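Derivation of every value follows stated rules applied to the coordinates shown; laboratory data play no part. Everything quoted here is computed from the prediction, not taken from an experiment. All Cβ positions, glycine included, derive from the backbone under ideal geometry; neighbour counts span all protein chains shown.
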Amino acid sequence: MRKNVGLVILLAVACAVTYLLNDRFLAPANIENLLRRTALFSLISIGVSFVIASGGIDLSIGSVVCLVGTLLPWLTVQFGWSWPVALTALLALAAALGLLHGILVTKLRLQPFIVTLCGLLLYRGIARGLTGDQTQGFGMEFEGLRSLVTSAYSLFGLLPFQIPSVALITLVVALLAGFVMAKTPFGLYLRAVGRNEVAARYSGVDTDRVKIWAYLACSLLAGFGGVLFILDVNSAQPSDFGNFYELYAIAAAVLGGCSLKGGESSIVGVIIGATLMQVLRNAIVLVDIPTQLEFAIIGGVILSGAAAEELIRRAAAARK
Amino acid sequence: MMPLIEARALSKSFGSSQVLRDVSLSIGEGEIVSLIGENGAGKSTLSKILAGIVQPDSGTISLRGTAVSFSRPHESFEAGIGMVHQELCVAENLTIAENIGLGREPRRWGMVDSGALTVMAADALRRLGSGLSPSRLVGSLSAAERQLVEIARVLSFNARLLIFDEPTSSLSESEARSLLALLKRLRSDGVSILYVSHRLQEVQEVSDRVVALRDGCISGEMPYPPFERDRLIKMIVGREIQDTYGYRPRSRGAAALEVSAFRATPRHSPCSFAVRAGEIVGIAGLIGSGRTELLESIYGARRPAGGSVTVSGCPVSISSPAEAALAGITLVPESRGEQGLIAEWSITDNTNLSLIAIQRGPALRDRMAEGIITQRAIETLRIRCAGPDQPVRSLSGGNQQKVVLGRCLATEPRILLLDEPTRGVDVGARREIYSLLFSLAERGLAILFVSSELEEVIGIADRALVMSDGEIRGELGRESLSEHAIMALAAPLGRRAA
């Protein structure tokens, strides 16, 4: 928890500056929108935090989001599949891709970077090929299904803004993930594998199985994220849907205290990290910064935050 | 005569713990001074201060009468002080020449002059009497050869003082002997040496003077030979220890581990042997004779090339450590830091990892049970620590080894395999480990261990298997165990004929 102090300060500063420059930041509609985006990105960030904790990396997340997200309307609208069947099939597909990544990384001993980089290229290519690169969407159909994601609850008027349903979904997933990391043997194995894979194996941990599960969970959450993203936006182009999402997810996880060297993760930190990313994107719109500068702003803020945190850490270590 | 280096009243604290207190030490030209003491006594810190890697809080160092202070290792190098580290610092992907010249390569037109570099490296190696080719990759060298490269590197800075920290811990008996011969040769060239070691036999053989540290203070000094073993031990532990091993005979049961026609790797010859419940069997042999591979393939950490393993009469098929642990076999691996422990973790998490891994059943961790198991390990193994949450990284070598043992024993194994059980462990903790092994054997565990220290094999084994070139060359019962008998079997056939 103490590790996240710097991140929380950065988030508070970003919120305060944005609010001072445009007080619409705290308008109920904006908060609701921010919560929705944060929840969606937190979901895929939690997924990648498992893989990062195990000492691996997953670059294919954005393409899995695209594949699942564009094939859901494709199967239901164009081919008339019933949505429960299409949903189940696509989530199974996402899980199978994660399983494949895990097997290639552990049994064939390929580098995770290569395996998932090829995944990034492959799945987007497949999505664009299957759909003929045409925009996929639900149009006016599937209102009921979409309202599962687009609806929001006022929580009996306790809050001045509404809580989007995706925020509740993410909350459940986050609690589950936090529980797994803190309370189950799997969480212990995952951190053991990330810290010292050889020692974990010599201690009798089935390290291959642990890593396979991490990749599976990551792709499954990316696929689930893809479903929620497409239901949220209604229609998407296969050529750019989910672009760079893996980098947002990895950045959120690393900001939140996951070391790319493995062995460390904090679900709370990951969510704060994802929140910071979305607040920055929101600020760019509200403060009238040209959107072309979006990446530059996000990159700059994160880099200065990381540098400041490291300097503070060193100063603290020197005082001890 | 003025000493080469003289350190006066050095003190050093890390956080709240004072590691060195008012320590003074001088080393003359061409003198070999041995520094002995338990783990955590401050030997490493003292040698690192002399090498400029760590800065003292107070105290002075003078070199040939001139006060010096080093803020970086580089500066002590230039002043002629070199350190050969316990964990060898060589880059495996570079050649011998590149390693020796690292950081000060001869240049021409701003590029590395590889011809001059090779000449420089060849000169440095020749000075050590080594015929290694400078163009070989360090990754292809044995531990002893790497150490030679490291020594050549340090010497090529025109070092007048060499500091060796546990130089023989990764060497076989004969390699260690040739290192000691090299040290004596360097001494006759006028090089001064500070020799830090747990191995008293080597200290006795090579030293001109012995200094002992205990709890950060000089606890004794023997200015000239002979260095009687008992007195050395007394200086280290502060009390007399009669027999380090304390061998206890005991009764033995049925065969617990049987290995037949077993080949660890394709270059191993098939071997068959059995270890009975309550028996302690040692495997002796030179480094590279295939001992570690044999243990690791029985444990499933590497895939055996053939043969079968039986545990208490039941054939088992083991293809991973996880399966070995389920079959009741556990291994204390050769390298604590890389294979045995997760250094950043607490004693609790390390102690329970193996047990949780084989329990497969429960979906949730039971923190209460984990705490009890840890407490029991701390008490029975006498792990000296601030508490169960202390990271194992901050424990001394002996206590780290006890945590590894605690993790292995928490699974209640029937067969305990140990690879170099006391490497880098001080005399006091060694005794405790030996006594633990005897009481485990009394309770019916079958124990099979590999050791490079002949004394240790002779001291604790009921029976020893001697390996050479991937083959078990012979078996020696306790009554016929001697260094001579083991070495006669351990020498590779080619060399023996010569």
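Points worth noting:
- Using only side-chain charges placed at the Cβ, +1 for Lys and Arg and -1 for Asp and Glu, the dipole size of the protein assembly as shown relative to its Cα centre rounds to 340 debye.
- Prolate/oblate/rounded call for chain A, Cα gyration tensor, a/c under 1.5 rounded: oblate
- Using θ = phi - 60° and Karplus 6.51 cos²θ - 1.76 cosθ + 1.60, couplings along the stretch A:15-28 (whole Hz; Gly, Pro as x): 5, 5, 4, 4, 5, 5, 7, 7, 6, 5, 3, 9, 5, x
- Chain A: relative contact order in percent, alpha carbon pairs under 8 Å with at least 6 residues between: 35
- Antiparallel bridge percentage (DSSP; both residues within chain B; nearest 5): 55
- In Hz, Karplus ³J(HN,Hα) per residue of the stretch A:52-60 (6.51, -1.76, 1.60; θ = phi - 60°; x = Gly, Pro): 5, 4, 7, x, x, 8, 10, 9, 8
- The stretch A:257-296 and the stretch B:223-286: distance between their alpha carbon centers, rounded to Å: 57
- Distant-in-sequence amide contacts of B:ARG263, defined by a placed amide H-H separation under 5 Å and a gap of 5 or more residues or a different chain, comprise B:CYS271, B:ALA305, B:GLY306, B:GLY307.
- A:SER154 paired with B:ARG126, simple spin-label distance in nm, labels 7 Å along Cα-to-beta-carbon: 9.3
- On the basis of the beta-carbon distance and an R0 of 35 Å, B:LYS234 and B:ALA386 show a calculated FRET efficiency of 0.80.
- In the structure shown, the pairs B:LYS12/B:LYS184; A:LYS107/B:LYS402; A:LYS183/A:LYS211; A:LYS107/A:LYS261; B:LYS184/B:LYS402; A:LYS211/B:LYS402 are assessed against 27 Å; a Cα-Cα span above that value is assigned to B:LYS12/B:LYS184; A:LYS107/B:LYS402; B:LYS184/B:LYS402; A:LYS211/B:LYS402.
- Along the axis of the charge dipole computed for chain B (Cβ charges of +1 for Lys and Arg, -1 for Asp and Glu, origin at the Cα centre), the listed residues B:ALA255, B:SER13, B:ILE81 are led at the positive end by B:ALA255.
- Approximate spin-label separation A:PHE244-A:PHE79, in nm, with each point projected 7 Å along Cα-to-Cβ: 3.2
- In nm, spacing of pseudo-spin labels at B:ARG376 and A:VAL285 (7 Å Cα→C-beta vector): 5.9
- Taking every DSSP beta bridge that has both ends in the protein assembly as shown, the antiparallel portion is near 55%.
- For A:ILE163, the amide hydrogen comes within under 5 Å of the amide hydrogens of A:TYR153, A:SER154, A:LEU155, counting only partners 5 or more places away or on other chains and with H modelled in the peptide plane.
- Of the residues A:LYS107, B:LYS48, B:LYS12, the one with the fewest other Cβ atoms within 10 Å heads the list, and the complete ranking is A:LYS107, B:LYS48, B:LYS12.
- Excluding same-chain neighbours fewer than eight residues apart, the aspartates and glutamates reachable from B:LYS43 by a Cα-Cα span under 13 Å are B:ASP165, B:GLU166, B:ASP215, B:ASP426.
- Average beta-carbon neighbours from other chains, 10 Å sphere, peptide B:347-358: 4
- Here B:GLU456, B:GLU412, B:GLU344 are placed in order of increasing Cβ neighbour count within 10 Å, fewest first, which gives B:GLU412, B:GLU344, B:GLU456.
- Remark: mean inter-chain Cβ contacts per residue of B:400-411 equal 1, using a 10 Å Cβ-Cβ cutoff to other protein chain atoms.
- Taking amide H as placed 1.01 Å from N in the peptide plane, the amide H of B:ARG365 sits under 5 Å from that of A:THR184, each at least 5 places away or on another chain.
- DSSP-defined beta bridges in the stretch B:5-237 - what % are antiparallel, rounded to 5: 60
- Global geometry of the stretch B:255-497, whether rounded, prolate or oblate, following the gyration tensor of its Cα atoms and the 1.5 cut on a/c: prolate
- Ranked for footprinting exposure by Cβ neighbours inside 10 Å, fewest first, B:ARG107, B:ARG160, B:ARG177 give B:ARG107, B:ARG177, B:ARG160.
- For the stretch A:43-109 versus the stretch A:133-205, the inter-centroid distance based on Cα atoms is 14 Å.
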